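Data block below; observations after.
The values are calculated or read from the model by the stated rules, or taken from the named source; none is laboratory data. Just so we're clear, the structure is a prediction, and the values are computed from it rather than from any experiment. Here the Cβ positions follow ideal geometry from the backbone for every residue, glycine too, while neighbour counts run over all protein chains shown. All accessible areas refer to the heavy atoms of the entire protein, side chains included, with ligands and DNA or RNA removed. Shrake-Rupley method; radii C 1.70, N 1.55, O 1.52, S 1.80 Å.
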Amino acid sequence: MIRILLVDDHPILRHGMRALLETQADFAVLAEAGSLAEAEAQAAAHPIDVALVDLDLGDGEPSGIEVTRAIRGIPDPARVIVFTAFDSDADVVRAADAGASGYLVKDSRPHEVFHAIRAAANGDGVRAGNIAERLGRRTEHPDDALTGRELEVLALVAAGLSNREVASRLVVSEATVKTHLHHAFTKLGSDNRQAAVATAVKRGLIRI
């Protein structure tokens, strides 16, 4: 039996996902959570095999990336599959860096979700749809692929933050932020912030 934790800030979506998952004889949804604190408590209280974590937990809440990192940090941690509407390179890389075993978009077919959960429970990493293609391109062309930190910096710049604000958010020096941006500009073939952001958005590397 694969024991599952659902993490999503919308109760109705958790209810629907629970109903779907429990059509499978080898799945048991042991717990649900709508926030980081609830997810940590449930993961610590139940013998969870796989946690299905939404990336966006609503305003004021830490993201699914922080939830993933927290779940993976507890003793005997569950495998985590990030389940989200977003499929940008930045989100995929951040999820992988946080310890996620899989990454699925919410338009995945039920059989894809079932397969991902079973594979994660067995220790296999799973990627779905064009996410696999993106990660494959990063492996094939590592010199052209933005690092997770470069993507993170560029996403914050796209959100309107200054270099100083980005540095404060990431707890690094402003010089480090400028270095990351310089590398991103070179890889994207851009010579300024606006052009780099536009190119990254067009390629689906970051979202606004």
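Which residues, taken from the stretch 164-208, are free of Cβ contacts under 8 Å to residues at least 40 places away in the same chain and either aliphatic (A, V, I, L, M) or crowded, with 19+ Cβ neighbours inside 10 Å (or both)? Val166, Ala167, Leu170, Val171, Val172, Ala175, Val177, His180, Leu181, Ala184, Ala195, Ala198 - these are the residues of the stretch 164-208 that are free of Cβ contacts under 8 Å to residues at least 40 places away in the same chain and either aliphatic (A, V, I, L, M) or crowded, with 19+ Cβ neighbours inside 10 Å (or both). Kindly provide the set of residues from the stretch 1-25 that are assigned to a helix (DSSP H, G or I), over 16 Å from Ile81 (Cα atoms) and open to solvent by less than 50 Å² (accessible area, probe 1.4 Å), ordered by number. Result: Gly16, single match.
The rows are residues; the columns are (1) under 21 Å from Asn122 (Cβ atoms); (2) under 16 Å from the mean Cα position of the chain (by Cα); (3) of a type in the set (Gly, Ala, Ser).
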position	(1), (2), (3)
Ala37	no, no, yes
Ala43	yes, no, yes
His46	yes, no, no
Ile65	no, yes, no
Phe83	yes, yes, no
Val93	no, yes, no
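The set of residues in the stretch 4-37 being touching a residue at least 60 places away in the same chain (Cβ under 8 Å) and within 17 Å of Ala119 (Cα to Cα) consists of Ile4, Leu5, Leu21, Gln24, Asp26, Phe27. Checking each residue in the stretch 46-63 for being out of contact with any Leu (no Cβ under 9 Å at 6 or more places or on another chain) and among the small types (Gly, Ala, Ser) picks out Gly58, Gly60.
Residues that are under 22 Å from His111 (Cβ atoms) and part of a loop (DSSP other than H, G, I, E, B) were ranked within the stretch 31-54; the one that is most open to solvent (accessible area, probe 1.4 Å) is Asp49. Of the residues that make up the stretch 74-89, is at least one surrounded by fewer than 23 Cβ atoms within 10 Å (Cβ to Cβ), more than 17 Å from Ile206 (Cα to Cα) and of a type in the set (A, V, I, L, M)? Checking the stretch 74-89: at least one residue is surrounded by fewer than 23 Cβ atoms within 10 Å (Cβ to Cβ), more than 17 Å from Ile206 (Cα to Cα) and of a type in the set (A, V, I, L, M). Across the stretch 138-180, the number of residues qualifying as in a helix (DSSP H, G or I), out of contact with any helix residue (DSSP H, G or I) (no Cβ under 9 Å at 6 or more places or on another chain) and at pLDDT below 90 comes to 2. For Ala28, the stated conditions hold: it is modelled with pLDDT of 95 or more and either touching a Gly at 6+ places or on another chain (Cβ under 6 Å) or assigned to a strand (DSSP E or B) (or both).
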